[in-house]
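Sharing a structure, written as structure tokens. Questions coming.
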């Protein structure tokens, strides 16, 4: 439920859930990668996540590891020109898209690219999936559709055009390719990524049997609005617990 | 098979299966949450289960834990006004719908809300899935379709209107949202939840290839009738064993 | 490949695979239940398997256990009138269908009923799935479609009519219900069950995008023919190894 | 991303990922079988992989083991006439197709046949799946469609006709049967197999909701071209690590 109102003062003093251990920013990025892998962001070695730090360096997952094996100690650090500052592995050559984005959008703390299971279907369709339910409605607006696939993503000019096409959208379908999602912080990026995937899955199933009744756009806006400001309470933490139960070693 | 007739007197004296350990009501609720998660009631932090106790208090799952991690000791206790009586976590702000329901429907021991995988597709379609087979037919009648999505679920007036729309239905599709299922006790709520999900999955697959032959409504009624009175023999217990094999710690 | 011809004399002397441990008939039935569960024969407590023994008693899975938890020691023994001879649990009240079948069809060593994932879709459609590929073609003929759903399955008269409708078919779709598959022995019943499920899954996916080109019926017949006489070499054994790796305790 | 350009000299000196243990050719074949099983190449005992060695012998998986249980020590060695040279199990009678291929195509180091989940749907449809995204585009050209299903695959004449139909294609749909994929080495065969499966899955989902916009063939060609020469950097190694995490015993 998209609300933070609580039903009694007594419970307001209670925690939502058991506390997480202290998490370094590198551990947060590894957790995000593992969570999203489990949600369908699982195209082998594809995908990059950048996480802007207070000193304007970026943390990024290494090029040669899959999202389900990433540990905190694998995370790389680069500067905004793409130079590697720290880390034992390599960085994707597709990093210019992220660099241009972080230069242009100071509101973006985290940027995610991959070819997720349902989002990529709509990228292939070059159409915007309808919003058919409350869960799908938790991110405001529609994904941008960036349809120009003329150049390589490691070209700076193309990266800038992609950033322009994104505008102030929270997420984008990259036509015939995959998705791109941004957020202020790790929890927001996570929430937007899983909401986009849910929306794409639901809309596909709805269309495959002839179409449904989209949510009233005004209701969509109302549901989504709080999540541009606050995180879904406890969501990131719950998903982090799931990953930590499955493999506590990811914190190493 | 929807019958309790047995084929020999000898076997009538045998147990159906190995006995479960003694289960507290809190353990029963945790088991139900885990069973339903496995069946597709798995939308992250979404979903609430209320379980009315003989003293008219309600047990409820906490707001900040997922259904697959819930343990007996995590379960909260509230009164019919939503005040927290016991428990270490918090309660969903969406609880008014459950409170109004339990005030209005004294026959309801357990109420379940979530956004399950196949049920939510039909909520998105705003249509009632056909009954195409015996397994789908084990709950009488059709789900109510509550299509008015004007207000917040934490508003008492809206909660009452939703309860009115449910009427005496055993289950409801909440348009563009999810499902709501009620039952006299835990085993009945479980059986109805999984039957609704099966019915929704089957009907979707049938429609996606052009439609099938729905079950004769009279046959539907005949199959379903006993389950308004008795549980499907051994079903709850079998699913409880599955969860206990997977994680005996859920009883803690 | 549907052939037993081998390519060299040297290799003909080699075993196909490591040997299985000695398996009691009860262990064979438990293995079959677990294998089929993994293939989609997984509708909770639904489903019964009967396995005719040389003394004309039948082994049968108990009514109250799921197919994925069954152990050899759980298997029941009944006579052809349904009297329980041995075993600690109960027998399904739907057993008359199996009893009538074993009385009428002495060629049947094993009979399987359940509501599998893809087979039940076609039972719901009341249509015969096309044969679109070699794997689908490994069972001769089409499933019978038994469409009369007037009576209870625990009624002897209805059970006889169902057996008549099956005729000499190797498998049947029970309209708006599930499937029924017979075989001379455990390995043949297994092979037919998984082939029917494959055929149903493939045909659904083919129809959902507009239809394909069915296999020439003559080719279907040619592929299927050997499997009415010999087992698919090594198939049962390979699937048994998979179950034994997952849970060696099933032999207990 | 289909490029090997790196963004800084510093990182160019770093490894892509932790090194794999030394792998025998037999271990490579077992790894490939396990990886592909996980990707949907999982039709029970179906499927054969041949791996040409420098001495013109072939390694091949045994007939009676599934791809998910294969260990290095299970792999067989045969000569180009199909005589078994080494190994404790048997070889598929369908081996002539592979033998003819390796005789005719000296550029082929590895050949894979199976009935994968999505590829076989298109074999059933007897149509070529469109290329709808970048991941689908990583193998040049279209699969050949070999539609003549008159003879047995263990007949040499039929095997030659199939090899002729393949021509210089990198992959083929065997009508009403399955797929056939070739590559210079293990990593290339793996990459082509998973790309074909992705392409088939995406195209099915696109068609099931009315069709999408195929990738410009020129862009397809451009994306695919490097992979006829170099492997996708680190892909094989990442998937090998996944299998080794799941079961280190596969190296035995």
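Express in nm, to one decimal, how much length is gained between residue D:128 and residue D:160 on full extension, taking 0.36 nm for each residue of separation and deducting their alpha carbon distance.
Value of the extension gain: 9.3 nm.
Between the range D:21-86 and the range A:210-236, what is the C-alpha centre distance in whole Å?
Each part reduced to its Cα centre gives a spacing of 50 Å.
I need the inter-copy label distances for residue B:247: point set 7 Å along Cα to C-beta, values in nm with one decimal, smallest first.
When each copy's label point is compared with this one, the spacings are 1.8, 1.9, 2.6 nm.
OK, next. Give me the three principal axis extents of the range C:158-252 from the C-alpha atoms, as integers in angstrom, largest value leading.
For the range C:158-252, the Cα extents along the three principal axes come out at 45, 36, 28 Å.
What translational D, rounded to a whole number of µm²/s, comes out for the range B:12-144 from Stokes-Einstein when the hydrodynamic radius is the Kirkwood one over Cα pairs, at 20 °C and 1.002 mPa s?
131
Going by the alpha-carbon gyration tensor, a ≥ b ≥ c the square roots of its eigenvalues, is the range D:183-236 rounded (a/c under 1.5) or, if a/c is not under 1.5, prolate (a/b greater than b/c) versus oblate?
Oblate, because a/c is 1.5 or more while a/b does not exceed b/c.
Could you work out the per residue convex hull volume over the alpha carbons of chain A, in cubic angstrom?
133
If you stretched the chain out fully between residue C:13 and residue C:168, how much longer would it get, using 0.36 nm times the residue separation minus the C-alpha to C-alpha distance?
52.1 nm
Regarding the protein assembly as shown, what is the average projected area of its C-alpha convex hull, in nm²?
37.8
Among B:114, B:14, B:83, which one moves the most in a GNM of chain B with springs linking Cα atoms closer than 10 Å?
Looking only at B:114, B:14, B:83, the largest GNM fluctuation is found for B:14.
Over all residues in A:18-26, what is the mean tally of Cβ atoms on other chains that come within 10 Å of each residue's Cβ?
Mean shielding by partner chains, rounded to a whole number: 1.
What's the minimum Cβ distance from chain A to the axis relating it to D, in whole Å, and which residue gives it?
A:208, 4
Just grab the label-to-label distance for residue C:103 and residue D:230, each label 7 Å out from Cα along the Cβ direction, in nm (one decimal).
Here the answer is 7.5 nm between the modelled labels.
With springs connecting C-alpha atoms under 10 Å apart, model chain C as a Gaussian network and identify which of C:51, C:132, C:41 has the largest mean-square fluctuation.
In this elastic network of chain C, the residue with the biggest mean-square fluctuation among C:51, C:132, C:41 is C:132.
Once you average over the residues of A:127-137, how many Cβ atoms of partner chains fall within 10 Å of each Cβ?
5
Taking chain D as a Gaussian network, where each spring joins two C-alpha atoms under 10 Å apart, which residue of D:182, D:108, D:213 fluctuates the most?
Fluctuation is largest for D:213.
Taking residue D:160 in one copy and the same position in all the others, each labelled 7 Å out along Cα→Cβ, what are the pairwise distances from the first, in nm, shortest first?
6.2, 6.2, 8.7
Let me ask another. How large is Rg over Rh for the range D:39-112, taking Rg from the Cα atoms and Rh as the Kirkwood inverse mean of 1/r across Cα pairs?
A ratio of 0.94.
From the helices alone, meaning DSSP H stretches of at least four residues, give me the mean residue ellipticity at 222 nm for the protein assembly as shown, per-run term -39500 (n - 2.57), in deg cm²/dmol to the nearest 500.
Calculated at 222 nm, the ellipticity per residue is -10500 deg cm²/dmol.
Can you list the distances in nanometres, one decimal and ascending, from the residue A:85 label point to the identical position in each other copy, with the point 7 Å along Cα to Cβ?
Result, one decimal in nm: 5.6, 5.6, 7.9.
Within 10 Å of each residue's Cβ, count the other Cβ atoms and sort A:174, C:101, B:29 from fewest upward.
So the residues, fewest neighbours to most, are C:101, B:29, A:174.
Run through every distinct alpha carbon pair of the range C:79-122 and return the Kirkwood hydrodynamic radius in angstroms, one decimal place.
About 12.4 Å for the range C:79-122.
Every read-out reported here was derived from the displayed coordinates using simple, explicitly stated rules and does not represent laboratory data. Given the structure is predicted, the values throughout are model-derived calculations rather than measurements. Every residue, glycine among them, receives a Cβ derived from its backbone with ideal geometry; neighbour counts consider all protein chains shown.
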